[in-house]
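For reference, the structure is listed below as structure tokens.
The values are calculated or read from the model by the stated rules, or taken from the named source; none is laboratory data. Please read all numbers here as calculations on a predicted model, not as lab measurements. Cβ sites come from the backbone with ideal geometry, for glycine too, and all protein chains shown count toward neighbours. Accessible surface areas use protein heavy atoms only, side chains included; no ligands, DNA or RNA. Shrake-Rupley method; radii C 1.70, N 1.55, O 1.52, S 1.80 Å.
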Amino acid sequence: MQTFDFIIVGSGSAGSVVAEKLSASGRFSVLVLEAGGTDRRFYVQMPLGYGKTFFDPAVNWNYKAEPDPGLGNNADHWPRGKLLGGSSSINAMVFIRGAREDFDAWAAAGNPGWSYGDLLPSFKAMEDNAAGADQWRGVGGPLHVTDCTSAVHPLTKQYLAAAQQAGLPFNPDFNGASQEGVGVYQITTKNGRRMSAARAFLRPAMKRRNVRVETNALATKILFEGKRAVGIEYEQGGQTKTARAGREVILSGGSINSPQLLQLSGVGPSALLGSLGIPVVHSNDNVGANLQDHVGINYTFKGKLPTLNQILRPWWGKMLVGMQYILTQSGPLSLSMNNAGGFFRTDPSMTRPNMQLYFQAFSTVIPKSGERPILTPDPWPGFSIGLSNCRPSSRGEIMIRSKNPREYPKITPNAYSTNADVDEMLSAVKFVRKIASMPAMAEIIQEEVLPGPSITSDADLITDFRKRSGTVYHPVSTCRMGPDASRAVVDSRLKVHGLAGLRVIDASIFPDNITGNTNAASILTGWKGAELVLEDHK
């Protein structure tokens with residue numbers, strides 16, 4: 001058995017950062033265990049290639065949620081990255097920190113050090129923003145953020161104009177002074193290539209002699225001596241191996257894998273563990289509970305002007321954009337499908353937005369089997385306005401089904417299980433139609449394709465969004481942070497309540513979901529978490 005100072009389980013958005021920061025001084029030895037393989041794949045590095053990785057078992061866990069009554073009993077596809085960089089290697093790259101009030105609420109709930117004021121210096125230090133530095137944004141950090149304003153599809157301007165006609169202000173930077181309004185999304189790319197957490201943080205760390213990264217290494221159990229975590233058992237190449245941690249074991253597997261590994265190791269709801277024959281090391285009913293996720297839907301329109309459909313669908317168009325990308329690292333393949341978006345409130349009395357918008361200058365009403373049809377859009381000019389809720393009140397859970405570490409856990413989202421979530425989504429889809437009815441958009445729309453003009457009553461709108469909504473891939477809170485061990489899994493220093501030598505550092509610790517895409521805050525959690533570890537091991 002080999003011994004390292006720190007063992008990190010998972011090389012995703014948080015784990016990659018933790019590995020880089022813990023190894024930087026050269027004082028500590030670090031082992032990173034990644035269940036997947038390399039990120040050096042063409043469709044991983046090409047930004048729009050995530051249409052190909054959406055179902056690819058070589059890089060994707062391809063989880064499936066339970067049939068959900070709130071979603072018309074649909075069983076949702078839950079992609080999660082299974083490779084270096086984790087989900088940051090297969091996501092849509094939109095870089096949103098979250099609202100100031102989100103983090104201030106975390107701190108107010110008894111988590112000192114997690115307010116927006118506390119975290120802003122870290123947010124600025126970790127990024128290299130192409131738009132330049134100001135009081136909100138940083139340059140010179142390891143994570144490059146691209147300003148796409150000059151590269152988005154021309155139809156994006158029509159969307160921005162219509163949203164302003166509908167009453168939303170123009171916002172040049174959703175991570176700046178205010179989040180509300182509409183604008184062009186900034187994305188995590190550099191020179192036309194995806195800037196995953198692996199590229200920004202892990203790859204530089206892997207050049208150090210004190211870092212060892214093991215791929216295709218599935219962590220199966222945390223090893224304990226009494227109440228102290230001392231190592232990890234893992235499977236690799238058909239063999240069971242063990243590694244010992246002299247200082248700490250750090251779980252960075254994300255909101256599915258971190259609670260799963262805790263439960264497999266005897267940390268979780270005692271009734272569940274007992275029923276599966278797993279000896280209880282420490283009972284905590286919150287492990288795997290409190291699941292929160294953003295749920296979204298698209299309204300799709302047939303347009304009167306060309307969209308990306310006319311370029312990305314025909315073979316010659318694919319060839320053109322492929323050549324453009326290979327020769328110049330630019331064009332549609334170098335961007336996210338979400339060119340622009342925004343944030344709004346369904347109730348003016350709210351202090352911050354509760355809904356997020358997305359604009360996509362193409363449409364995918366006609367699906368293609370086996371892939372997300374980003375690279376095979378509809379044969380007519382189409383575009384979509386999407387939206388998702390930001391802080392839903394519905395709660396689900398992620399629980400193991402057996403003691404077999406290779407059996408996927410049971411994911412129960414419970415989407416739209418509260419009246420509040422249904423009411424706000426009803427208001428939100430009506431607002432999407434309001435945007436589409438504004439002169440700047442109405443003049444370029446031939447017809448609404450989905451859900452279609454026949455869907456007008458509140459009851460029909462609700463039935464439609466239940467049937468067509470799905471996850472937008474932002475699960476959090478399954479190992480949530482809080483001072484009360486009866487309501488949380490980790491404390492404000494990300495140490496697991498009731499145990500020693502064990503932390504969770506990933507999006508599963510979010511006390512509540514944030515307003516927007518979760519990748520930036522996941523990377524921030526890795527940055528902050530690593531600083532906490534270093535403070536405790538001076």
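Worth pointing out:
- Considering the stretch 86-133, and only residues there that are in contact with a strand residue (DSSP E or B) (Cβ under 8 Å, 6 or more places away or on another chain) and open to solvent by 50 Å² or more (accessible area, probe 1.4 Å), the residue that is farthest from Thr351 (Cα to Cα) turns out to be Ala130.
- Tally, over the stretch 286-306, of residues that are open to solvent by less than 20 Å² (accessible area, probe 1.4 Å) and more than 30 Å from Gly85 (Cα to Cα): 4
- Residue in the stretch 142-162 that is surrounded by 16 or more Cβ atoms within 10 Å (Cβ to Cβ), among the aliphatic types (A, V, I, L, M) and farther than 24 Å from Phe383 by Cβ present: yes
- Residue list for the stretch 16-61, filter: part of a loop (DSSP other than H, G, I, E, B) and polar (S, T, N, Q): Ser25, Ser29, Thr38
- Annotation: Ser283 fulfils all but one of (1) open to solvent by 30 Å² or more (accessible area, probe 1.4 Å); (2) over 26 Å from the mean Cα position of the chain (by Cα); (3) more than 24 Å from Val476 (Cβ to Cβ); the unmet one is (3).
- Ser270 vs. criteria out of contact with any Gly (no Cβ under 8 Å at 6 or more places or on another chain), over 30 Å from Tyr358 (Cα atoms) and open to solvent by 20 Å² or more (accessible area, probe 1.4 Å): yes
- Test for Thr242: is it in a strand (DSSP E or B), over 28 Å from the mean Cα position of the chain (by Cα) and not basic (Lys, Arg): yes
- Just so you know, in the stretch 479-509 the residues that are touching a helix residue (DSSP H, G or I) at 6+ places or on another chain (Cβ under 7 Å), in contact (Cβ under 8 Å) with a residue 40 or more places away in the chain and in a loop (DSSP other than H, G, I, E, B) include one that is surrounded by the most Cβ atoms within 10 Å (Cβ to Cβ), and it is Cys479.
- Test result for Asp512, of a type in the set (D, E, K, R), in contact with a Lys or Arg (Cβ under 9 Å, 6 or more places away or on another chain) and within 19 Å of Thr471 (Cα to Cα): yes
- Scanning the stretch 347-402 for residues that are among the hydroxyl-bearing types (Ser, Thr, Tyr), in contact with a strand residue (DSSP E or B) (Cβ under 6 Å, 6 or more places away or on another chain) and either more than 27 Å from Glu424 (Cβ to Cβ) or at pLDDT below 95 (or both) yields a total of 2.
- Qualifying residues in the stretch 516-531 (those that are open to solvent by less than 10 Å² (accessible area, probe 1.4 Å) and over 12 Å from the mean Cα position of the chain (by Cα)) - the one farthest from Gln356 (Cα to Cα): Ala530
- Which listed residue, of Phe28, Phe42, is over 20 Å from the mean Cα position of the chain (by Cα) and either buried (at least 22 other Cβ atoms within 10 Å of the Cβ) or farther than 29 Å from Val249 by Cα (or both): Phe42
- Number of positions in the stretch 426-450 that are open to solvent by 50 Å² or more (accessible area, probe 1.4 Å) and under 15 Å from Ile462 (Cβ atoms): 3
- Some residue of the stretch 432-450 being closer than 26 Å to Ile256 by Cα, assigned to a helix (DSSP H, G or I) and at pLDDT 95 or above: no
- Taking the stretch 451-475 as the range and being outside any helix (DSSP H, G or I), of a type outside the set (A, V, I, L, M), open to solvent by less than 40 Å² (accessible area, probe 1.4 Å) and in contact (Cβ under 8 Å) with a residue 24 or more places away in the chain as the test, the residues that pass are Pro451, Ser469, Gly470, Thr471, His474, Pro475.
- Among the residues of the stretch 255-276, those that are assigned to a helix (DSSP H, G or I) and in contact (Cβ under 8 Å) with a residue 12 or more places away in the chain comprise Ser255, Ile256, Asn257, Ser258, Pro259, Gln260, Leu261, Leu262, Gln263, Leu264, Ser270, Leu272.
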